[in-house]
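I'd like to ask you about the structure that follows.
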Amino acid sequence: MKESVLDALMFLLDNYSEDGAMDNEDRDELAGQLANMGFEEGEIDHAFDWLESLAQDEDDAASTDCQPWSERGQRHFSPQELYRLTVEARGFLIVLGQNPMIDRPSLDRIIDRAMALDLDEIDLEAIKWITQMVVYNRPDTAHLYAYMEELALPESLRRLH
């Protein structure tokens with residue numbers, strides 16, 4: 001899996017319906033557009049699967065054996081995360097984790113979805129897009145989407161706002 005899966009996800013984010021609903025006809029149309037843009041069938045399928053996984057019920061996450069974070073707890077990156085997430089991406093995630101606007105389950109979801117891409121290297125720009133997608137697809141954090149859009153802007157443009 002290469003950067004093109006992330007590019008396909010960015011396209012889907014831009015073209016995904018506002019209410020998050022996508023029927024087979026919508027999926028087929030978007031898949032056709034992605035194929036015409038040069039994406040391979042496997043990349044397209046993985047992008048749709050990845051995006052649809054964001055819509056999973058919170059109950060699915062709650063049913064795992066994962067222990068909830070304590071208020072004083074600090075998340076450490078696993079060896080695989082350290083290897084694949086660039087220093088800048090990890091720094092961004094640490095800042096997000098310290099920001100009261102992003103809850104800890106959202107931060108864990110961002111990291112989970114980043115690692116699910118199977119990219120060799122996940123850089124700052126990729127983690128910003130993933131953050132946007134996770135925030136956009138979590139109903140309890142939809143109000144943060146404008147804030148996330150600003151974070152996704154290049155540094156030079158953010159200074160202009």
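Leaving ligands, DNA and RNA out of it, rank T86, T131 by accessible area with a 1.4 Å probe, largest first.
T86, T131
OK, next. How far apart, in nanometres, would the label points at S78 and E52 be if each is projected 7 angstrom from Cα along the Cα-to-Cβ direction?
For S78 paired with E52, the spin-label model returns 2.4 nm.
The values are calculated or read from the model by the stated rules, or taken from the named source; none is laboratory data. The structure displayed is predicted, hence computed values, not measured ones. Cβ atoms come from the backbone with ideal geometry, glycine included; neighbour counts cover every protein chain shown. Remember, those area values only see protein heavy atoms, side chains included, never the ligands or the DNA or RNA. Shrake-Rupley method; radii C 1.70, N 1.55, O 1.52, S 1.80 Å.
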